[in-house]
1. Cut-off is 10 Å between beta-carbons; in what order do B:ILE110, A:ILE201, A:ILE22 appear when sorted fewest neighbours first?
2. Between beta-carbons, use under 12 Å as the cut-off and find the net charge around A:MET352, counting Lys and Arg +1, Asp and Glu -1.
3. Let's test this: bin the Cα-Cα distances of chain B at 5 Å from zero up to the farthest pair and state each bin's percent.
4. Could you work out the equivalent-ellipsoid semi-axes for the protein assembly as shown, taking the square root of 5 times each eigenvalue of the Cα gyration tensor, largest first, in whole Å?
5. Compute a Gaussian network model of chain A, connecting alpha carbons closer than 10 Å, and tell me which residue from A:THR169, A:THR150, A:THR365 fluctuates the most.
6. From other protein chains only, count the Cβ atoms within 10 Å of every residue's Cβ in B:86-94, then give the mean.
7. Using a 10 Å cut-off on Cβ atoms, rank the peptides A:392-398, A:137-143 from the highest mean neighbour count down.
8. Quick one: if you stick a label point 7 Å off each Cα along the C-beta vector at A:GLU17 and B:SER117, how many nm between them?
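Values quoted throughout were computed directly from the atomic coordinates according to the rules given, and no laboratory measurement underlies them. Because the structure is predicted, anything quoted here is derived from the model rather than measured. Glycine also receives a Cβ, built like all others from the backbone with ideal geometry; neighbour counts cover every protein chain displayed.
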Amino acid sequence: MTSTSGQSSTCPDQLIEPEQIIEEIYRAEWGRLLSLLVARTRRLDLAEDGLSEAFAKACERWPGRGMPANPSGWLFTTAYRYVVDHLRAEAVAGRKAPLLAVRAEWVPPEDLAVELADDRLHLILLCCHPALARESQSALALRLVLGTSTEQLARLFLVSRATMAARLTRAKRKIVRAGIPLGTPLGEELRNRLDEVCRTIYLAFTAGYTPMVGVELLRADLAGDAVRLAAVLHDLEPDATQVRSMLALLLLQHSRRDARQRHGRLVPLADQDRSTWHQDEIRTGLELIAEVEQQDGYAEELRLQALIAAEHASAATAPATDWAMIERYYADLDARTGSPIVRLGRAVAVAMVEGPQAGLAMLSTLEATLPAHHRVAAVRAELAQRAGELDLADASYERALTLCHNDAERAHLQEKLDALRTD
Amino acid sequence: MKYFVLLAGAGEMPPWEELTAAEQEAGMARHAAFDEACATRPGVELLSAEALGEGSDATTLRTRGGEMVITDGPFAEIAEQIGGFYVLDAPDLDTVIELCKVLPAYDIDIRPVLDMS
């Protein structure tokens, strides 16, 4: 099985219009069409190859012959035929591959003719099954639900294209061989599974939003794919509060993408040009989170994180930020998660409310848990500088530079250190 | 599909022989509940169920350079803690996972059994 299928980019240049339409259909319809194909054929591999093939054919034909009356229907039928032909060939050769397992109560979706037939929730749950490695879950979900290309996924997760292709193939094979079933879990099980899906999408987002290594500070397009996936899930499960909170969180963070870097350098929140924040996304994010009441478990963690992002997003200027409120959210989050990354954020908030010494004291509790994380050293440097402890600041910048492997962040740290030394 | 469910007395479930009589009795009750859950679940059939002797009673055979070497077992550390297994027919992985929630808190590996026919 190959994983060469990807973005449809083979249309001739001179016929821009159908190409653009096909791009749009690809973005809007890939996941829905694939989910229906998978549900109808119970073959992940063939469904994906067939749909890629159908888009390639559309690129060949539509510019010259004109668009079919129902483009999505045409794509589905073409892809479905591809799958059926291959199933027939397999049967003749006596080499039928196993089908996807399905839950007992599962009912295959109706014909495509039924308006809005959509099986993407099943596809997402299949990709995000906890029996798959988390990184495979993220990549597979982006691949199957959004049609993100193998190349882009490789760039997102910082592996070679060949490694990513192998990872996707292995994950699809495991789904079939281990009998991970198609069909929606019910009740409490669905809630737990949606928590897992949220974790998976959040991982994909942070991989694009805050890359830990490499030259790029931010791969906004790739982080954007995770936001789209969250939006799809929210459309499918509008009442799931953890999904609502996650979408709000991602929208609010993603809205700052254009302000986060300038000339390849990291721009800290306080120095960002707030006029370049995407206000429409902020509005949507604020509306979403305003409707979520207190939860428990992972849903509450997401809610608190979204509330923190909301405080930042709704402050007109950096000094207008309500740090006391943010500190309260962080304290609650810290008590719930015990996460060192949360503690780091809390230390920053505490420093803003009670002064840099209090922040430094809170950071000292992180030495044991996050000794090799450059952001701990970077925050310590900054707080020490503010507290007037210039030797500690100098040493901490040095340490952060040793630990940091992202080129854009390193440049930012070096600048701060140089400024400290010339002052 | 056919599944092989391997039970290890690890994590929160100590090895069987370290349990008190009362704990063993409670454990047996959970195994009985598992049998019952399998029997009543549509599409599920329990094909085989065995408790194994202690890992320290295992004998390991390894062929190296064409020669079989016999040693004291078991062959891997976790194998020491394996206490038993089930083989069952079930429609999918999620069904097996759900059924396993009835069992004592073993560390459990679920493996699909290959269809060699």
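1. B:ILE110, A:ILE22, A:ILE201
2. -3
3. Taking every Cα pair in chain B, the percentages come to 2, 11, 19, 20, 16, 14, 9, 5, 3, 1, 0.
4. Working: eigenvalues 374, 264, 104 Å².
Working from the Cα gyration tensor, I get semi-axes of 43, 36, 23 Å.
5. Comparing A:THR169, A:THR150, A:THR365 in the GNM, the peak value goes to A:THR365.
6. Partner Cβ neighbours, averaged per residue: 5.
7. A:137-143, A:392-398
8. Label-label distance for A:GLU17 and B:SER117, simple model: 5.9 nm.
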